[in-house]
Every structure is written in structure tokens, then in C-alpha cells.
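Reading through the C-alpha cells given below for one structure.
The values are calculated or read from the model by the stated rules, or taken from the named source; none is laboratory data. Bear in mind the structure is a predicted one, so any value in this text is a computation, not a measurement. Glycine gets a Cβ as well: all are built from the backbone with ideal geometry, and neighbour counts include every protein chain shown.
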Amino acid sequence: MTRYFTKEHEWVEVDGTVGTVGVTDYAQGQLGDVVFVEVPAAGRVVTKGGEAAVVESVKAASDVYSPVSGTVTEPNAALEAEPALVNTAPETDGWFFRLTLADASELGALMDEAAYKAFVAAL
Amino acid sequence: MTVGARSAIIAGWTLSRWLPVSDAEILLPLDALHLELGARMVPFAGYAMPIQYDGIIAEHQWTRTSAGLFDVSHMGQFELPSNCDRALEGLLPGDIVDLREGTLRYSLLLNAHGGILDDLMVTRRTNDLYLVVNGATKHADSALLRTAGLPLTYRDDLALLALQGPRAVDALEPLAPGVATLRFMRGGSFTLLGHPAWISRSGYTGEDGFEISVAAGHADTVARALLADPLVKPVGLGARDSLRLEAGLPLYGHDLTPAINPVEAGLAFAISKRRKTEGGFPGSDLVLHDLIQGAARRRVGLQIEGRQPVREGACVVDGGAVVGHVTSGGFGPALGRPIAMAYVLAALAADGTRVEIDVRGRLLDATVVPMPFFPKSYVRQGARP
């Protein structure tokens, strides 16, 4: 399994053709206390860089973009009852949705963990 | 992810994203302290201001259970000669002539149509009238008053701090002996750590608490002394907004605008009894007409079904038709659910009325409910100590 990152602070962990998408720890720090997450339903087609989810903190409503194109297979149902998982476990239990990748070559344009860490350190 | 791409509410201000503070913003007297405390600073009303320290929910709950310290030095503090009371009444619907010494009155600067130009506090002090106005409107207010012939002094040499919460009195009394004797909407001169201070029992959170006006040069000493008390933590603009929303208190520029009059806003209490009879304030014919006949629309509180917050600008819908707009909305941390204020047609303003809110094309169920959403805890005159 390999994890990739976007400049918009989403991550996608890829296992074969299945990707799991979430936002990074840096992102949750910027958002503040998350109180609601709107995740895409199974079957929805998302595109790389397109709006896929909305996360609401006390202070703001923010778009989350899909790092890759594909078809959503599973939204994270746990976020409905416990949106604060985005704050407490953004890169594990606080994942947003799973999808089937449409084009694995899109991953080449994303950052690996070391590159993302360097990117955030420079912000 | 783009933070705030949909909406970002900083104490009610909508920004397209989290803007970094630039050189254009004026620094508060406590700027160095805010940075030392790890605040995230944002531009607000022309100032670099702290939006949060530990986090909005934690700061909100701390204020509801202990004491939160807010820096509101961006607000305008004006002084007027005492004999300007009659002239000031020409600009607002409150009774200022009969205002007793040491008493605060909430009032509204109105335009010729009765529209609200600002909301403010007027206090009669021994030697003057003391006004506190909103930061974003203070320069326009100052121009309005001066144009009306009122020789105001703008005290930008003063800082303004608010200490709010059920333990505020316990934290402030040792530093400013005597403040515990004040009651809600009363103020007086006190010695605070050896320096003169004007302190009133008032605020914008729905909690008991105080507002403290001190020389800007002493603000850092006062703030550090208060923060040295384990009862007190710093609270930013984010929680100030969620606290006032739970308390049902309107925010100027959002819930109150020049297109809204005091009756529509549910602020008829700010029209003093004598002024209801005499009129003589800007737009009084229109405002008093609405007071008797009822306004076409009203500010209401909305309880939202589910957990999704609704934000300023969202449409209120009834039977497929737009019947109003949300003017403030968010998550109420002490309530654990979303709440909002909206203006709706008068026919739909009764408590218990069911409406829908359009959030990004999805309709959420909502119910008109009385405000405040969270009960106020003021220490009123006549109440047992």
C-alpha cells in the first residue's frame, strides 16, 4: 500500500485499484473543530481535483477535493455520528471515502509522504 | 481541501478563505500577548485579531463554565459632554435624558427610514456620556455624531477587555475591589491594579461578566494578571461569535443592517417608553407604525434538524417558496447542535412554525424557536447575591 498527497492537503492510500481518501493532520489543524462531514454516496463518480466532500467546522464550510478520479464504493459512515474523528484521527479512522481508481496513472502527479512533509514545512 | 471555500465565518465576517494578516492591519495593544499565547490571528474590522487559541469549542465551553478573557479593543469608545443627551436622542430611540448615572442603555443608531446603522451601549457617567460602538462601524458612527453637532472624543488611547463567565466575578474582584457589587448593565470607576478603569457588568456572551476599559498602556499588565488566575483563559473571536449566537444576540452587519428596523429585528425593547409616545428619532414614523401594526418580517431563532450547520445567506423555504434568509448560523457548542438566526415573513415567525433551509440544494428541516437558545445568566438588580 502506498500513500499519496495533494497540495490541497488530501491523502489517498492505494491498494491495487482501491483508494481510501481523507484529509491530512495539517488540514484538520487549519479547519479547527469539525462538527459535520458530507461524504459522497456509493456509486458517485468523482474526478481528480473535483469537489467530493464538504467538511464543516465551527467556523467554516470547506470543500474537499478527490485526489484521483474514480467511483465511490464506500463513504465512512462513522463520520456521521462522530465528525470529530477528522480532528482526532485524520489519517486513520477519520478517512472520508473509498473509491475504485479510474486511472492509476493520475497518481504520478501526487506527492509522496516525504515530499508532502517538505511542502507543509515550507508553508 | 480549501479551507473556507464554501464559507468562513469569523465572528460573523464572511471571508473567501483564511487570509493571513498583512501590514495593512492595525495591531491591538495586546498583540504581543496574543502571539505569545499561540493565537491564530486574522484580519477583522481593520485590526489583526485573535480568532482562536486552544480551539473554538474548548474556549466556548470554558466561558460557559469559568471565565474567558476577550480583547475587544477594536471597538470604538466615545465620550460626549453630559449635556449632549438631548441631541443624542435625535439619533437613536433610547431615553438618554432620563438615563441614571452609572447605568448602561443598549441602543441603535438609525437612518431616516429607521434602518439600523449600528448598535451601541450608552452610559451616563458622572462627568460625561460614554458610548461603545462596533469596530467596523466606529468611523462612520463618529462622522454621523459629529455631523449632528455632537463634539465627541474618540478614545483610541483606551483598550477594552471583556471578562465573561460564571467565575468572572471571582477573578476580577481581587484585582478591582468592589466590582462584585455592580449589577447587570451598571458600571463605575474602579482602581484596577493601581490604575483607573471604567468597568461595567455587561457583555456579549449571555453570561455574567464585565467589560473593562483601561489605558492601552496598562492593558497588557491587566490581561496578564487576569490570565495568571487559573479560572481565566483567553478566548478569541470565533467563540465570541458562537457564544453570542447561543445567547440570541444579534451581530451588526449580519443580523442588523441599514435595511432592517428595530421592530423587524425584535429589538423593540430598545425603544424607550417615552420615545414610543414622543417619537422624534430618525425614521420614528415608520418604526412606530411597525411597532403598532407589526413588521412584515421578523428576526427569529431556528433549531435545525440533524447535525449540519446552516450558514449566513442560506434561504428559508416554505412550500417551495423562499420566505426568508439566514443571517447568522453555526454550531452551538454548549447545545451540541446547529442553530441559526433568520429573517422570515411575519406569518411564519411564530414559535413552533416548521420551515426548511436550503443548504447547497438540500432542504433541511427547521423549527422557529424562542431565543436565547442557551439561557442567560445575568446578575440583575434586585436579585439576591
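Could you grab me the full set of residues in the stretch A:62-75 that are surrounded by fewer than 24 Cβ atoms within 10 Å (Cβ to Cβ) and closer than 30 Å to B:L245 by Cα? Explain how you work it out, then say what you get.
First, the residues of the stretch A:62-75 that are surrounded by fewer than 24 Cβ atoms within 10 Å (Cβ to Cβ): A:63, A:65, A:69, A:71-75.
Within the stretch A:62-75, just A:D63 meets the criteria.
Taking into account only those residues within the stretch B:140-168 that are in contact with a strand residue (DSSP E or B) (Cβ under 8 Å, 6 or more places away or on another chain) and assigned to a helix (DSSP H, G or I), which is nearest to B:P375 (Cα to Cα)?
B:A168
Taking the stretch B:264-318 as the region of interest, how many residues are away from every other protein chain (no Cβ under 14 Å), touching a residue at least 40 places away in the same chain (Cβ under 8 Å) and among the β-branched types (V, I, T)?
Looking only at that region, the number is 5.
Which condition number does B:E305 fail, the rest of (1) over 26 Å from the mean Cα position of the chain (by Cα); (2) charged (D, E, K, R); (3) surrounded by 14 or more Cβ atoms within 10 Å (Cβ to Cβ); (4) closer than 25 Å to B:T257 by Cβ being met?
(4)
Tell me yes or no: at least one residue of the stretch B:171-187 is surrounded by 15 or more Cβ atoms within 10 Å (Cβ to Cβ), in a strand (DSSP E or B) and among the charged types (D, E, K, R).
Scanning the stretch B:171-187, I find at least one residue that is surrounded by 15 or more Cβ atoms within 10 Å (Cβ to Cβ), in a strand (DSSP E or B) and among the charged types (D, E, K, R), so the answer is yes.
From A:A77, A:A42, A:A114, A:A60, which residue is away from chain B (no Cβ under 13 Å), free of Cβ contacts under 8 Å to residues at least 40 places away in the same chain and touching a Phe, Trp or Tyr at 6+ places or on another chain (Cβ under 9 Å)?
Unique residue meeting the criteria: A:A42.
Does at least one position in the stretch A:13-27 carry a residue that is aliphatic (A, V, I, L, M), in a loop (DSSP other than H, G, I, E, B) and touching a residue at least 40 places away in the same chain (Cβ under 8 Å)? Steps first, answer last, please.
From the stretch A:13-27, those aliphatic (A, V, I, L, M) are A:14, A:18, A:21, A:23, A:27; that's our starting set.
Next cut, in a loop (DSSP other than H, G, I, E, B) only: none.
Checked the stretch A:13-27: no residue is aliphatic (A, V, I, L, M), in a loop (DSSP other than H, G, I, E, B) and touching a residue at least 40 places away in the same chain (Cβ under 8 Å).
Is it fair to say A:L79 is crowded, with 23+ Cβ neighbours inside 10 Å and under 30 Å from B:G330 (Cα atoms)? First the steps, then the outcome.
On the way: crowded, with 23+ Cβ neighbours inside 10 Å: yes; under 30 Å from B:G330 (Cα atoms): yes.
Yes.
Provide a single number: the residues in the stretch B:319-338 that are more than 11 Å from chain A (Cβ to nearest Cβ) and touching a Gly at 6+ places or on another chain (Cβ under 8 Å). Spell out how you get there, then give the answer.
Within the stretch B:319-338, the first condition is being more than 11 Å from chain A (Cβ to nearest Cβ), and the residues that meet it are B:319-328, B:334-335.
Filter once more, keeping what is touching a Gly at 6+ places or on another chain (Cβ under 8 Å): B:325-326, B:328.
The number of residues fulfilling the criteria is 3.
Among the residues of the stretch A:1-39, write down those that are out of contact with any helix residue (DSSP H, G or I) (no Cβ under 8 Å at 6 or more places or on another chain), within 11 Å of chain B (Cβ to nearest Cβ) and of a type in the set (S, T, N, Q).
A:T6, A:Q30
Of all residues in the stretch B:1-44, which are part of a loop (DSSP other than H, G, I, E, B), over 24 Å from A:V120 (Cβ atoms) and modelled with pLDDT of 90 or more?
We begin by selecting, within the stretch B:1-44, every residue part of a loop (DSSP other than H, G, I, E, B); these are B:1, B:11-12, B:16-25, B:28-30, B:37-39.
After this cut, where a residue has to be over 24 Å from A:V120 (Cβ atoms) as well, the list is B:11-12, B:23-25, B:28-30.
Within the stretch B:1-44, B:L28, B:P29, B:L30 qualify.
Would it be correct to say that A:V54 is surrounded by fewer than 22 Cβ atoms within 10 Å (Cβ to Cβ), within 14 Å of another protein chain (Cβ to nearest Cβ), under 26 Å from B:L243 (Cβ atoms) and within 11 Å of the chain's Cα centre (by Cα)? Spell out how you get there, then give the answer.
Working: surrounded by fewer than 22 Cβ atoms within 10 Å (Cβ to Cβ): yes; within 14 Å of another protein chain (Cβ to nearest Cβ): yes; under 26 Å from B:L243 (Cβ atoms): yes; within 11 Å of the chain's Cα centre (by Cα): yes.
In short, yes.
How about the stretch B:43-56: which of its residues are in contact with a Leu (Cβ under 7 Å, 6 or more places away or on another chain) and at the interface with another protein chain (Cβ under 10 Å from one of its Cβ atoms)?
Our first condition is that a residue be in contact with a Leu (Cβ under 7 Å, 6 or more places away or on another chain); within the stretch B:43-56, this holds for B:43-44, B:47-51, B:53.
B:I51 - this is the single residue of the stretch B:43-56 that is in contact with a Leu (Cβ under 7 Å, 6 or more places away or on another chain) and at the interface with another protein chain (Cβ under 10 Å from one of its Cβ atoms).
Provide a single number: the residues in the stretch B:160-204 that are over 16 Å from B:L226 (Cα atoms) and aliphatic (A, V, I, L, M).
2
Do we have B:R124 as crowded, with 20+ Cβ neighbours inside 10 Å, basic (K, R) and without any contact (Cβ under 8 Å) to a residue 60 or more places away in the chain here? Lay out the reasoning, then the answer.
Values: crowded, with 20+ Cβ neighbours inside 10 Å: yes; basic (K, R): yes; without any contact (Cβ under 8 Å) to a residue 60 or more places away in the chain: yes.
So B:R124 fits the description; yes.
Looking only at the stretch B:49-100, how many residues end up being among the basic types (K, R), in contact (Cβ under 8 Å) with a residue 24 or more places away in the chain and assigned to a helix (DSSP H, G or I)?
Applying the first criterion (among the basic types (K, R)) to the stretch B:49-100 yields B:64, B:86, B:100.
If we keep only those that are in contact (Cβ under 8 Å) with a residue 24 or more places away in the chain as well, we get B:64, B:100.
From what is left, the residues that are assigned to a helix (DSSP H, G or I) are B:64.
Of the residues in that region, 1 qualify.
Condition check ((1) surrounded by fewer than 16 Cβ atoms within 10 Å (Cβ to Cβ); (2) farther than 21 Å from B:V287 by Cβ; (3) out of contact with any strand residue (DSSP E or B) (no Cβ under 6 Å at 6 or more places or on another chain); (4) modelled with pLDDT under 95) across all residues:
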site	(1), (2), (3), (4)
B:G217	yes, yes, yes, no
B:A223	no, yes, yes, no
B:L226	no, yes, no, no
B:G236	no, yes, no, no
B:D241	no, yes, yes, no
B:E246	no, yes, no, no
B:L249	no, no, yes, no
B:A259	yes, no, yes, no
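I'd like to verify a number: residues in the stretch B:190-203 that are without any contact (Cβ under 8 Å) to a residue 60 or more places away in the chain and either among the aromatic types (F, W, Y) or in a strand (DSSP E or B) (or both), how many?
Matching residues across the stretch B:190-203 total 7.
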